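Rule-based calculations on the coordinates, nothing more; no lab input. This one's a predicted model, so the numbers in the text were calculated from it and none came from an experiment. Note: ideal-geometry Cβ built from the backbone for every residue, glycine included; neighbour counts use all protein chains shown.
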Amino acid sequence: MKKTKSSLLKIKPPILRYFLIIVTTLLLLVGIFIGSIYVGAWGKIPSKEELSNFQYQVASEVFTADSVLIGKYYLNDRQPITFEDFPEHLLHALVSIEDERFYEHSGIDYRSLFRVGVKTVLMGDESAGGGSTLTQQLAKNLYPRRDRNKTNIVVDKIKEMFIAKKLEAIYSKNEILTHYLNTVSFGDNTFGIESASLKFFNTRTKNLSITQAATLVGMLKATYGYNPRIFPEKSLERRNLVLYAMLNNGFLSNVEWEDLKNKELGLDYRDYDYSSGTAPYFREEVRKQMLRWIQEQNKNGADLNIYTSGLKIYTTLNYKLQQMAEESMVAHMTKLQNDFERSYGKNAPWKTNKNLIHKIAKRTPAYMRLKKKGFEDAQILDSLKQTTRPMVLKTWGDDIEKNISVMDSIKHYMKFLNTGSLSLNPKTGEVLTWIGGINFRQFKYDHISQSKRQVGSTFKPIVYTAALEKGISPCTYFSAQEVEYKNLKGWSPSNSGDKDETYLNYSMEQGLSNSVNTIAVKVLEETGIDNVMDQAKKMGIREQLPKEPSLALGTGEIKMTEMARAYTTYLNDGHYIEPFIIKKIVSRTGAVLAEFKPQKSEAAAFSHENGQIMLEIMKATINSGTASRIRNKYKLPNDIAGKTGTTQNNKDAWFVALTPKMIHLTWVGLDNHEIGFKNTSLGQGANAALPMFALMLQKMNKHKEFNYLTRAKFPTPTDKVKKLLDCEPVKRDGFFKRLFKNPNKKKSKKFNG
């Protein structure tokens with residue numbers, strides 16, 4: 001060193017000497033700087049062992065029974081794939097535009113670095129690029145940069161060079177490409193080519209066309225600026241630049257280039273967003289069940305995470321049926337909402353009922369915040385009314401953007417009807433469709449898994465089943481006359497028919513198929529409340545039911561899944577089936593972690609004969625009873641049994657449909673229990689709930705792939721069952737009985753059930 005220094009001092013002229021001293025000093029400082037980075041003074045550089053064993057955070061995927069990907073759970077949206085899944089033209093596109101000498105260098109392209117240095121530093125050409133190889137970019141993907149100031153960028157660049165050299169020593173070129181394409185970001189929290197392919201083109205990477213591959217590779221330079229959904233023209237220009245690079249590198253012919261550059265982008269964008277897409281309520285229920293399952297597995301030593309472990313969750317949902325169900329829901333609820341609002345007119349409670357509006361306002365976060373600050377109710381409510389801000393209001397048509405107050409928003413959303421709709425295979429319990437509400441983004445509450453509503457007349461079949469089990473003949477007649485029960489504070493259930501019903505006596509079949517309230521209560525009285533409650537329990541109802549006569553009219557609040565379970569008994573010879581939604585869980589390596597099978601009750605809830613009788617009675621409900629519009633209006637010829645339901649003050653509308661191989665339940669009402677339908681004609685189950693099933697079945701009938709469901713037939717009832725049901729549906733009181741009976745006067749008696 002001394003010799004070098006003395007040699008420099010002897011150099012003449014002095015300017016040259018000083019220049020060489022400065023250059024030598026700078027080189028020495030640069031060497032020390034680079035050395036300090038290498039030894040970890042600016043942050044640890046991963047060892048070869050660490051680089052050999054890194055793990056991706058991998059999204060878990062949710063599949064339907066027909067193998068359609070409908071959702072993901074992730075922190076980083078990523079699905080790693082193997083080198084064999086990359087089409088050759090994808091690799092050609094990537095290398096052509098990002099790293100032409102990828103197969104020649106060993107992690108650092110010194111020629112490219114020199115070019116960038118000359119153009120950027122000396123000539124000030126910022127378009128010269130960054131000079132990073134794919135291996136260096138992989139290093140950046142694995143160890144993202146934290147700071148953006150110039151010093152840290154230089155440090156990061158040098159770190160990436162060191163890491164790149166190590167990566168090249170550990171992995172083959174194909175393995176580096178595999179890791180790169182599995183880790184590179186495409187923006188919007190989307191990582192890896194597989195997730196990007198699914199998002200932008202709704203296809204797997206292995207099926208990408210040349211233009212699709214070029215579009216995605218083109219995004220890598222600027223994931224936002226070249227996003228084909230946001231900036232299609234810029235993306236198209238960038239894609240063609242990638243194709244031109246492929247031409248220059250010999251991967252495309254002139255004929256191919258001329259043809260491909262004129263093709264459209266052809267996006268098929270699918271955002272696997274938590275709140276949108278197919279079956280969002282179902283996906284949320286899957287997530288909840290998976291979290292519970294993972295918690296149990298981790299107690300036993302597993303190390304699973306739904307967001308990072310890359311699980312594949314195979315569900316029972318039928319994708320095409322779900323789409324049909326959602327389309328039918330939107331069509332029906334759009335019309336029903338319009339009819340509902342029109343029925344109230346100017347006196348709608350969401351316009352005039354201040355007490356109700358204020359009651360809802362007091363549940364809002366905005367009210368809570370102001371209350372916590374010590375403001376009085378009147379001040380808070382006035383503020384919620386006067387203070388406005390830009391909001392987007394959802395409607396069944398176009399969304400409305402306007403400046404409104406919290407109170408305006410409350411009035412807008414409190415009027416919305418909501419729904420729950422569920423289909424399942426009655427033999428296995430596999431859920432086929434699941435609609436928990438009208439819009440998951442706005443209404444997170446799931447009316448299938450969370451809601452308990454009065455079930456109305458859909459509970460009556462359980463009452464009638466209990467009666468049959470007690471030995472009451474289906475041809476037993478009950479008077480439709482209204483009764484006032486003295487020991488129940490004058491409680492007097494009534495019917496929606498005319499006064500002439502006072503003189504009529506219905507068989508059990510006619511009483512149920514026409515949903516006559518007075519008959520249902522009398523059947524329950526004859527059967528006994530305890531027997532009815534026991535029957536409900538045998539059929540899978542686990543909710544606490546009210547031990548009172550109004551139980552016959554469905555005043556019990558029951559989850560939709562429990563009602564579905566109870567109705568499976570009619571198609572399973574008295575045995576109920578547990579509804580379930582997850583069939584199989586598979587690890588990221590393909591190992592089956594769990595499989596779920598149908599769960600069937602051991603004991604039959606009723607006899608085979610009584611099950612057949614009930615099915616025949618519920619067929620009559622469809623053919624000539626309260627659900628006859630299935631035949632008359634919707635012209636559905638399928639084998640169907642069912643039951644409509646409407647609760648007091650038209651708060652809840654229900655319809656349960658039974659077909660030989662599918663059960664469908666629909667509930668419609670408002671989240672605010674204080675509001676019901678204006679009238680029964682609008683709010684009855686046959687009008688508010690039934691059409692959702694009818695529209696869906698119409699769609700199913702047009703598709704041959706669903707013939708196994710739509711053309712299935714109920715078994716023919718035995719001759720004994722036919723004989724038991726062979727009686728006049730209605731008997732009219734005799735002349736003298738009618739003469740001395742006052743239709744305007746209720747019969748008074750004690751309830752003895």
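For the chain, the fraction of C-alpha pairs farther apart than 43 angstrom is 47 percent. Each Lys and Arg contributes +1 and each Asp and Glu -1, all at the Cβ; summed about the Cα centre of the range 332-400, the dipole is approximately 300 debye. Taken one residue at a time, the phi angles of the range 643-653 give Karplus couplings (6.51, -1.76, 1.60, θ = phi - 60°) of 7, 8, x, 9, 9, 4, 6, 6, 7, 10, 10 Hz. Gly and Pro are set to x. For the pair Asn207 and Lys394, the difference between a 0.36 nm per residue extended length and the Cα-Cα distance amounts to 63.6 nm. For His673, His179, the sequence from fewest to most other C-beta atoms within 10 Å is His673, His179. The average projected area of the range 235-336, computed from the convex hull of its Cα atoms over all directions, is 12.1 nm². Residues whose amide H lies under 5 Å from that of Leu593, counting only those 5 or more places away or on a different chain, are Ile585, Val586, Ser587; hydrogens are built 1.01 Å from N in the peptide plane. The helix-only estimate of mean residue ellipticity at 222 nm for the chain, built from DSSP H runs of length n ≥ 4 each weighted as -39500 (n - 2.57), is -12500 deg cm²/dmol after division by the residue total.
Shown in residue order for the range 677-685 are the 3J(HN,Hα) couplings computed by the Karplus curve 6.51 cos²θ - 1.76 cosθ + 1.60 at θ = phi - 60°: 5, 5, 8, 5, 4, 7, x, 5, x Hz (x for Gly and Pro). Dipole of the chain computed with +1 at Lys/Arg Cβ and -1 at Asp/Glu Cβ about the Cα centre; of Gly642, Ile15, Leu615, farthest Cα towards the positive end is Ile15. Got a sec? Which residues in the range 551-574 would a label at Ala603 touch, if it sits 7 Å along Cα→Cβ and we count backbone N under 15 Å? Only 574 pass the distance filter.
Rounded to the nearest 20, the Cβ-based charge dipole of the range 402-488 about its Cα centre (Lys and Arg +1, Asp and Glu -1) stands at 340 debye. Note on the chain: dipole from Cβ charges, positive end direction compared against Asn227, Phe580, Ile663; the farthest Cα belongs to Asn227.
Across the range 458-541, Cα-Cα pairs farther apart than 17 Å form 46% of the total. The ranking of Thr64, Thr716 by Cβ neighbour count inside 10 Å, starting from the fewest, reads Thr716, Thr64.
Net charge dipole, the chain: roughly 1880 debye, given to the nearest 20, about the Cα centre with Cβ charges of +1 for Lys and Arg and -1 for Asp and Glu. Based on Cα atoms of the range 620-738, Rg over Rh with Rh as the Kirkwood radius reads 1.07. Rounded to 0.05, the FRET efficiency of the Glu100 and His412 pair, given R0 = 56 Å and the Cβ-Cβ distance, is 0.45.
Distance from the Cα centroid of the range 267-306 to that of the range 707-727 is 42 Å (rounded to whole angstrom).
Between the alpha-carbon centers of the range 458-535 and the range 367-442, tell me the distance in whole angstrom. After rounding, the separation between the Cα centres reads 39 Å.
Site pair Ser343 and Asn298 shows an inter-label distance of 4.8 nm when each label is modelled 7 Å from Cα along Cα→Cβ. Couplings 3J(HN,Hα) for the range 523-538, derived from phi with the Karplus relation 6.51 cos²θ - 1.76 cosθ + 1.60 (θ = phi - 60°), are 5, 4, 4, 5, 7, x, 4, 4, 5, 5, 5, 5, 4, 4, 5, 4 Hz, where x marks Gly and Pro. When the Cα positions of Leu28, Thr388, Ala552 are compared along the charge dipole of the chain, Thr388 comes out farthest toward the positive end, with charges on each C-beta of Lys, Arg, Asp and Glu. Would you please classify the overall shape of the range 160-301 from the alpha carbon gyration tensor, given that a ≥ b ≥ c denote the square roots of the eigenvalues, rounded means a/c under 1.5, and beyond that prolate means a/b larger than b/c while oblate covers the rest? It is oblate, given that a/c is not under 1.5 and a/b is not larger than b/c. Going by a ≥ b ≥ c, the root eigenvalues of the Cα gyration tensor, does the range 567-628 fall in the rounded group (a/c under 1.5), the prolate group (a/b larger than b/c) or the oblate group? Oblate, since a/c reaches 1.5 and b/c is not below a/b. Here the gap between Ser748 and Asn679, fully extended at 0.36 nm per residue and compared with their Cα-Cα distance, gives a gain of 22.0 nm. For the range 670-718, the fraction of alpha-carbon pairs lying more than 16 Å apart is 62 percent, rounded to a whole number.
As a proxy for reagent exposure, ranking Val532, Val730 by other Cβ atoms within 10 Å from fewest up yields Val730, Val532. With a threshold of 30 Å on the Cα-Cα distance, the over-threshold entries among Lys559/Lys704; Lys597/Lys635; Lys72/Lys165; Lys415/Lys538; Lys72/Lys206 are Lys559/Lys704; Lys597/Lys635; Lys72/Lys165; Lys415/Lys538.
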